[in-house]
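Computed from the coordinates by the stated procedures, all read-outs in this text should not be read as laboratory data. Keep in mind that what you see is a predicted model, and the values were worked out from it rather than measured. Glycine gets a Cβ as well: all are built from the backbone with ideal geometry, and neighbour counts include every protein chain shown.
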Amino acid sequence: MGALIEGKGLTKSFGGLTALKGVDFHLDEGEIIGLIGPNGAGKTTLFNLVSGVFHPDSGKLYFNSKNITILKPFEICRLGIARTFQIVRPFLKMSCFENTLVGIIGRNDKNGGKEERKDEVRTLLKFVGLGNREQTLAKDLTLIEKKRLEMARALATKPKVLLLDEVLAGLNPSEILQALELIEVIRTQLKMTVFWIEHVMGAIMKASDRIIVLDQGEKIKEGKAEEIVSDLKVIEAYLGESDA
Amino acid sequence: MGNKQQAGTAKKVGIPALFIILAILPPFFLSQYWLHVMIISLFYVMMASSWNLIAGFTGQVSFAHAAFSGIGAYASGMVAVNLGVPPWLGILIGTGVAALLGLGLGYLCIRMGGIYLSLTTLGFSEILRIIITNEDKWTRGTMGLQVPGFFSEYSKANYYYLFLVVTIFLLIVIYWIVHSEMGLTFRAVLNDELAASSSGINTIRVRILAFTISSAMAGLAGGLYGHYLMLITPDIPSLGQMFLVLAMAVIGGMGSFIGPIVGSFVLETLSEYIRIYGEYHVLLFGLVALAMARFAPEGLMGIVGKKWRKEWVH
Ligand SMILES: Nc1ncnc2c1ncn2[C@@H]1O[C@H](COP(=O)(O)OP(=O)(O)O)[C@@H](O)[C@H]1O
Ligand SMILES: [Mg+2]
């Protein structure tokens, strides 16, 4: 049995700058995989390739062995890969309710009628902690609430894989704990595979089954958290930008 | 809670109902001249509101809206003149032709998006005008195509009611679309196209759909207009007409439901007063619209009442 998502030799340049250089990676079903690396390492670019926002200059992407390299974002989403954005992009002039409903409408199997969809939206908003914000416009939310809303919208698409780009940034320690619980529930109850980018080292090391490390567009390391922590090369990569 | 909801429903049904009752009255006290102004205003309400559906709700600034009204008018007029098709059937054919051409044009140029859509639709309008002017065997060119009216006995009051009914019908359809799940995808695309696409929305399809629906509505409005004037000229699909519609939507308030309605009545009535100084009103309105777009992007409705506007569409 192959991997759920597989990337082979992914390369992507912007003008003269090569953001990703021949990256190979794979995600297995049910895993939580952390993606780390210094700023500008190419983490978000890798998410953009997987979610179809950009297409690689070379290399291939597979989802359930299906070639998804050049599919459009909505096609990839409908296949079962949803994402949040590092720089949040909720629909600002729409309510939390409407934001989440969009995720359901886009689905191939938006089962049931309007009422069932309403219930589903309410359940999702409660799940991410926005139960009392249904009618609030997204532009009136705090940054953290906007991130939660993006999470609800992504979950509404019923993905098999969830890509989370720095969802913990800006949270305080107790909020981080809450978020980690949420991610664990997403894995165990919703049976999703989670691929996430984080700078909060303690959290990502603790909650991930496996870590992939990018530096200057290259995958420099991959393995279990303990192995990664003890790897000097990685620490070096981080030293460059630590105590920020 | 029940009371509040009831009050909300009463408002939602009550206010439009009041307007409809008021709208029945004009033929009883207006002169033929002002009744004519009202009929033309209703035509512009259809045009500006349907243009608002693409420009205001999906963010696509099309310059082909007047062109599509011309397509509706000429299609209906030509089947009436050449095949003796009655106007009521003719306007349906005109609407269909406008929808088909809208779908085709949308399919070809919406992928390009943004400024390219505006430029392509501008080009389309010009090409259409040239064809209409030159193919005078069919269209009678700048002379104008004489077409039959709707009623065997000419009556402005009848036309007024006909326009009123169709306008209300169009507005209900637009209101329904904006508040439906389809309308939600329109707004999602306007808010953030990439986020919409990443949430599973086929954004190109949404935009083509909005463009097609809007073009069909322009075709319907144009068909009615032609059979009211009983003379179809290249002025109907002209860019002057286009900018007038644009100014009505922008000045009234784009992206709001009532904005284009208010803008149409205000500007059409104003043009009757300004017209005596020459045909500068389109230019003047264009300048006002530019200033509004810059300083009061929500238009008159944004200035008059934010709260009121919010209750209809937020
Ligand atoms: N759309 C883009 N256009 C130009 N350069 C980009 C774009 N996206 C990313 N980059 C560049 O690619 C490199 C990797 O960026 P990114 O993937 O966002 O890094 P990370 O998420 O790891 O911080 C950076 O140098 C960034 O400036
Ligand atoms: Mg990033």
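A 31 angstrom limit on the alpha carbon distance is what I want to check against. Which of A:LYS21/A:LYS66; A:LYS43/A:LYS118; A:LYS114/A:LYS139; A:LYS126/A:LYS206 exceed it?
A:LYS43/A:LYS118
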Putting +1 on Lys and Arg Cβ atoms and -1 on Asp and Glu Cβ atoms, find which of A:LEU4, A:THR100, A:ALA41 reaches farthest to the positive end of the dipole of chain A.
A:THR100
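At 0.692 mPa s and 37 °C, plugging the Kirkwood radius over alpha-carbon pairs of region B:34-171 into Stokes-Einstein gives what diffusion coefficient in µm²/s?
After rounding, the answer is 202 µm²/s.
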Determine by what factor the alpha-carbon radius of gyration of the protein assembly as shown differs from 2.2 N^0.38 Å, reporting the quotient.
1.15
Computed label-point distance, nm, for sites A:ASN39 and B:PHE29 using a 7 Å Cα→Cβ extension
6.8 nm
Count the lysine pairs in chain B that are 8 or more places apart or on different chains: how many have C-alpha atoms under 21 angstrom apart?
10
How big is the shadow of the Cα convex hull of region A:30-115, averaged over all directions, in nm²?
7.8 nm²
Once you have the Kirkwood Rh of chain A from its Cα pairs, apply Stokes-Einstein at 37 °C and 0.692 mPa s and quote D in µm²/s.
178 µm²/s
Set the Förster radius R0 to 51 Å, insert the Cβ-Cβ distance between A:THR11 and A:GLU115 as r into 1/(1 + (r/R0)^6), and round the FRET efficiency to 0.05.
0.60
Förster radius 22 Å - calculated FRET efficiency between B:VAL304 and B:THR9, Cβ distance, rounded to 0.05
0.40
For the pair A:ASN132 and B:TYR273, how long in nm is the line joining their label points, each one 7 Å along Cα→Cβ?
5.2 nm
